[in-house]
Amino acid sequence: MKALLMYPDRDFVLPQKLTRHGRYRDVEPQPKSSPQERALIQDLELGTLLRAMTGGDEFLFDVAQEALLSGMKNDLETILYRQEIVKDCLKNPAVVRELYDLAVETLESRRMCWLGLFSRGYPASILSDSINLLQLLMRMLTKLRSIADTQAARFESAGFTNLFGMFQSEFSDAYFARVQNHLTELRFRAGVPVSAELGEGNEGTNYVLRQVRDKRPNWLNWILGKGLRAYTFRIHPCDEAGAKILSELRGRGINLVANALAQSADHILSFFEMLRVELAFYVGCLNLHDKLSALGVPMCFPRPEAMGARRHCFSGLQDACLALSMGRSVVSNAIDADGKSVVIITGANQGGKSSFLRTIGLAQVMMQCGMFVAAESFAAELCSDLFTHYKREEDATMKSGKLDEELKRMSEIVEAIRPNSLLLLNESFASTNEREGAEIARQVVCALLEKRIKIFFVTHLYEFAHGLFDRRMKDAIFLRAERRADGTRTFRLVEGEPLETSYGEDLYAKIFEEGAAS
């Protein structure tokens with residue numbers, strides 16, 4: 001059984017997995033998060049987005065983070081597959097939450113039946129615990145089938161249609177009745193029918209558990225002596241050694257069936273674990289949608305295009321993390337950058353450039369993991385990977401200069417980046433003088449463009465930005481943070497030629513005028 005809610009053909013596997021006791025264990029040694037992932041979390045402020053999706057739930061947080069960070073590996077089919085499932089979730093949030101709660105309840109309840117399994121190592125204990133657990137699981141599977149029977153018609157996505165179809169076809173009334181009969185029989189209330197042979201030294205061998213006969217001989221045959229013949233012996237109540245031997249014989253007889261039953265219970269438990277993992281992502285989507293809707297943030301399902309199409313066009317795009325932090329809808333932007341490989345962003349200080357750059361990264365991550373984005377409309381090509389190169393604080397240990405640190409990080413990106421990746425640069429190479437910084441930026445950008453890397457670059461390096469502008473590059477677009485004549489920032493970006501000033505004097509005047517007034 002597979003849930004198949006994250007991929008159409010395979011499970012969504014977390015780096016860590018829940019134990020049967022509800023705690024995490026490593027399935028195998030996992031590498032620590034890469035510098036690239038840590039940079040994405042920091043520069044795009046993914047923590048804000050994840051907290052909105054999970055509301056402090058550690059398990060939801062882990063699933064959502066893994067889905068976001070692994071989203072760049074998804075192909076177009078997977079993205080569209082998840083989008084349809086998210087749409088179903090938005091139309092039926094109560095049903096989705098009920099399914100998730102049922103999976104959680106099952107995994108929490110199993111501990112009462114499962115704590116002793118395998119720890120005692122006795123076949124009788126394993127068999128008893130497995131029977132109790134399977135009876136619990138059958139009740140939960142019955143609830144899943146009931147939900148499918150009453151709610152399946154309200155879902156249209158291939159993911160939920162296949163899931164509910166599996167519930168209805170695999171978990172029929174006849175299936176539940178057959179399982180219950182087997183579990184009742186395996187309690188061996190009338191004794192354990194075991195056959196064996198005598199081996200070398202009259203040791204017992206070839207122990208085989210036999211099926212209990214359905215019918216007993218009728219009373220007339222029993223009176224006439226035509227019933228079943230058997231040789232019997234009884235153990236004295238005080239014979240502890242004999243009782244121990246008899247228990248061992250019973251254990252040998254039921255050992256295989258006890259292990260088989262335990263494996264069956266484990267298989268069903270694994271399904272509930274995977275159902276919980278995959279539904280957790282969609283519960284996170286529901287939580288985020290509720291929060292953004294309450295803030296009045298527009299949302300839409302993006303139109304992903306094939307990798308290399310050089311498509312990037314949107315309207316009403318907002319910074320979801322900024323909106324969540326401020327508790328209200330924020331200024332949106334509309335840009336048509338179709339056919340462009342490099343976007344150079346200049347303009348006034350504190351004009352919304354860094355927020356816009358973060359918005360581009362967030363939208364790309366959300367689109368490629370199959371979610372909605374915070375925009376009125378959004379269409380973009382898929383990227384093979386996403387990298388950020390933002391300015392960092394000065395090295396407190398003074399082991400290297402700021403420019404050295406920037407160049408080192410850029411070197412690491414260049415070694416890992418692939419064609420059709422998206423690179424976001426924010427004030428890169430501004431830690432040196434204008435001429436040197438402009439030359440470094442020019443060489444880096446031109447080299448990356450030759451390798452078909454898509455670039456968004458926020459910069460105050462006028463010589464660099466205007467130099468590219470003068471070349472009239474067909475695959476470049478130049479945006480500028482809008483500033484009104486009175487110095488007011490609108491936090492919108494418009495197409496425009498790079499200017500030599502970033503209007504730092506506006507901020508200077510504002511700070512000192514306000515200081516003097518106070």
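Since every read-out is calculated from the coordinates, none of them should be taken as a lab result. Quantities reported herein were computed from a predicted structural model and do not represent experimental measurements. Cβ: placed from backbone, ideal geometry, glycine included. Neighbour counts: every protein chain shown.
If R0 is taken as 30 Å, the Cβ-Cβ distance between Tyr175 and Glu108 corresponds to a FRET efficiency of 0.75.
So which of Lys73/Lys291; Lys2/Lys291; Lys353/Lys408; Lys291/Lys353; Lys353/Lys391 end up more than 20 Å apart by C-alpha?
Lys73/Lys291; Lys2/Lys291; Lys353/Lys408; Lys291/Lys353
Set the bar at 32 Å for Cα to Cα. Now go through Lys87/Lys474; Lys91/Lys454; Lys87/Lys143 and name every pair that lies beyond it.
Too far apart for the 32 Å limit: Lys87/Lys474; Lys91/Lys454.
Put simply, when 462-470, 377-385 are sorted by average Cβ atoms within 10 angstrom per residue, most first, you get 377-385, 462-470. Amide H contacts for His389 (H built 1.01 Å from N in the peptide plane; partners 5 or more residues away or on another chain; cut-off under 5 Å): Leu424, Leu425, Asn426. As a calculated quantity, the FRET efficiency between Lys2 and Asp486 at R0 = 56 Å, using C-beta atoms, amounts to about 0.35. Across region 373-381, rounded Karplus estimates of 3J(HN,Hα) from the backbone phi angles (6.51 cos²θ - 1.76 cosθ + 1.60, θ = phi - 60°) give 10, 7, 7, 7, 8, 7, 9, 7, 6 Hz, Gly and Pro being marked x. Relative to the Cα centre, the charge distribution of region 303-517, modelled as +1 at Lys and Arg Cβ and -1 at Asp and Glu Cβ, gives a dipole magnitude of about 620 debye.
The spread of Cα positions in region 303-517, taken along each principal axis and listed from longest to shortest, comes to 56, 42, 38 Å.
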